[in-house]
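A.B. asks: Here's a structure for you.
The values are calculated or read from the model by the stated rules, or taken from the named source; none is laboratory data. This one's a predicted model, so the numbers in the text were calculated from it and none came from an experiment. Methodologically, a virtual Cβ is constructed for each residue, glycine included, from the backbone with ideal geometry; neighbour enumeration extends over all protein chains shown. Ligands, DNA and RNA are excluded from the accessible area calculation, which covers all protein heavy atoms including side chains. Shrake-Rupley method; radii C 1.70, N 1.55, O 1.52, S 1.80 Å.
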Amino acid sequence: MPRTRYVIETGTDATGGWTAGSFHEAFNAADDTAAKGSLRTALTELGYTQGEETHVRLLDPDKLEIARLPLNEAFWTS
(Lines give C-alpha, C1' and ligand atoms only; values in the text may rest on other atoms or scores of the structure.)
Protein backbone atom coordinates (compact mmCIF):
# COMPACT_ATOMS: atom_id res chain seq x y z
CA MET A 1 0.00 0.00 0.00
CA PRO A 2 1.52 3.37 -0.98
CA ARG A 3 2.24 5.94 1.66
CA THR A 4 0.12 9.02 1.11
CA ARG A 5 0.69 11.35 4.09
CA TYR A 6 2.27 14.66 3.02
CA VAL A 7 3.34 17.51 5.29
CA ILE A 8 2.90 21.24 4.66
CA GLU A 9 5.16 23.57 6.57
CA THR A 10 5.37 27.35 6.38
CA GLY A 11 8.45 29.36 7.21
CA THR A 12 11.10 31.67 5.86
CA ASP A 13 13.74 30.92 3.28
CA ALA A 14 16.76 33.14 3.82
CA THR A 15 19.95 32.52 1.82
CA GLY A 16 19.04 28.90 1.26
CA GLY A 17 18.39 28.14 4.92
CA TRP A 18 14.93 27.13 6.12
CA THR A 19 13.41 28.46 9.33
CA ALA A 20 10.14 26.78 10.25
CA GLY A 21 7.13 29.00 10.90
CA SER A 22 3.95 28.53 12.87
CA PHE A 23 2.04 26.23 10.49
CA HIS A 24 2.78 22.51 10.21
CA GLU A 25 0.05 20.10 9.12
CA ALA A 26 -0.30 16.78 7.33
CA PHE A 27 -2.77 15.77 4.64
CA ASN A 28 -3.40 12.83 2.35
CA ALA A 29 -2.77 12.82 -1.38
CA ALA A 30 -2.50 10.02 -3.91
CA ASP A 31 1.03 10.93 -5.05
CA ASP A 32 3.55 13.78 -5.32
CA THR A 33 1.80 15.37 -8.29
CA ALA A 34 -1.58 15.40 -6.54
CA ALA A 35 0.00 16.78 -3.36
CA LYS A 36 1.69 19.62 -5.24
CA GLY A 37 -1.52 20.39 -7.12
CA SER A 38 -3.58 20.63 -3.96
CA LEU A 39 -1.10 22.60 -1.85
CA ARG A 40 -2.97 25.91 -1.96
CA THR A 41 -6.34 24.23 -1.34
CA ALA A 42 -4.95 22.15 1.52
CA LEU A 43 -3.47 25.23 3.21
CA THR A 44 -6.83 26.97 3.04
CA GLU A 45 -8.85 23.95 4.18
CA LEU A 46 -6.47 23.28 7.07
CA GLY A 47 -7.05 26.81 8.36
CA TYR A 48 -3.82 28.57 7.43
CA THR A 49 -3.85 32.37 7.65
CA GLN A 50 -0.76 34.09 6.37
CA GLY A 51 1.49 35.66 8.96
CA GLU A 52 5.14 36.58 8.65
CA GLU A 53 6.11 33.39 6.83
CA THR A 54 7.46 33.96 3.33
CA HIS A 55 7.42 30.41 1.96
CA VAL A 56 5.67 27.09 2.13
CA ARG A 57 7.30 23.74 1.62
CA LEU A 58 5.88 20.32 0.93
CA LEU A 59 7.42 17.16 2.36
CA ASP A 60 6.73 13.70 0.99
CA PRO A 61 5.81 10.71 3.19
CA ASP A 62 9.54 10.11 3.83
CA LYS A 63 9.88 13.75 4.99
CA LEU A 64 11.94 14.75 1.94
CA GLU A 65 11.24 18.21 0.54
CA ILE A 66 9.55 18.03 -2.86
CA ALA A 67 8.48 21.67 -3.24
CA ARG A 68 9.31 25.09 -1.79
CA LEU A 69 7.26 28.04 -2.99
CA PRO A 70 6.99 31.71 -2.03
CA LEU A 71 3.75 32.69 -0.34
CA ASN A 72 3.10 35.60 -2.67
CA GLU A 73 0.17 36.81 -4.72
CA ALA A 74 1.05 34.51 -7.62
CA PHE A 75 0.86 31.49 -5.30
CA TRP A 76 -2.61 32.39 -4.07
CA THR A 77 -4.04 33.33 -7.48
CA SER A 78 -2.50 30.73 -9.82
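A.B. asks: Give me the number: length gained by fully extending residue 77 to residue 22, i.e. 0.36 nm times residue separation minus the C-alpha to C-alpha distance, one decimal in nm.
C.D. replies: 17.6 nm
A.B. asks: Calculate, in whole percent, how much of the Cα-Cα pair population of the chain lies beyond 20 Å.
C.D. replies: Tail of the P(r) past 20 Å holds 25 percent of the pairs.
A.B. asks: On the protein heavy atoms, probe 1.4 angstrom, tell me the percent of accessible surface of the chain carried by carbon and sulfur.
C.D. replies: Working: 2460 of 4770 Å².
Carbon and sulfur together cover 52 percent of it.
A.B. asks: Next up: Got the relative contact order for the chain handy, in percent, Cα pairs under 8 Å and 6 or more residues apart?
C.D. replies: 33
A.B. asks: When ranked by the protection proxy of mean other Cβ atoms within 10 Å per residue, highest first, what sequence do the peptides 49-61, 23-35, 66-78 form?
C.D. replies: 49-61, 23-35, 66-78
A.B. asks: Residues of the chain: accessible area per residue at 1.4 Å, in Å²?
C.D. replies: 61
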